[in-house]
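One structure is given below, encoded as structure tokens.
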Amino acid sequence: MTTVPEGKPAPDTCPGEVGRMAMAGPSNLSDVRFLTVAEVATLMRVSKMTVYRLVHSGELNAVRVGRSFRVPERAVHDYLRDAFTDSA
């Protein structure tokens, strides 16, 4: 059993960490294309701050690499597909 310092979430419960992506992602990580926050912002036509908010809220899966985030391209497409609403 892994002990975690008080006040810190367990690694498998952190939003946007590898554990979450591994459950829903492809079996071979070499097939995953990772995007920077700036690339995601450009793709979605939103600000980088909006992307950071989505990552921190857990709405957009991401992997933390050092002090930056990398977002699997598939996660962006899944988010946009799920966020799409019919206007009629």
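Annotations for the structure displayed:
- Heavy-atom SASA rank of PHE69, PHE84 (probe 1.4 Å, accessible area, largest first): PHE84, PHE69
- Backbone geometry of the stretch 72-77 corresponds, through the Karplus equation with coefficients 6.51, -1.76 and 1.60 at θ = phi - 60°, to 3J(HN,Hα) couplings of x, 4, 4, 5, 5, 5 Hz, x marking Gly and Pro.
The values are calculated or read from the model by the stated rules, or taken from the named source; none is laboratory data. From a predicted model like this one, the values you see are computed outputs, not experimental measurements. For the accessible areas, the whole protein counts, side chains as well, though only heavy atoms, and no ligand, DNA or RNA atoms are used. Shrake-Rupley method; radii C 1.70, N 1.55, O 1.52, S 1.80 Å.
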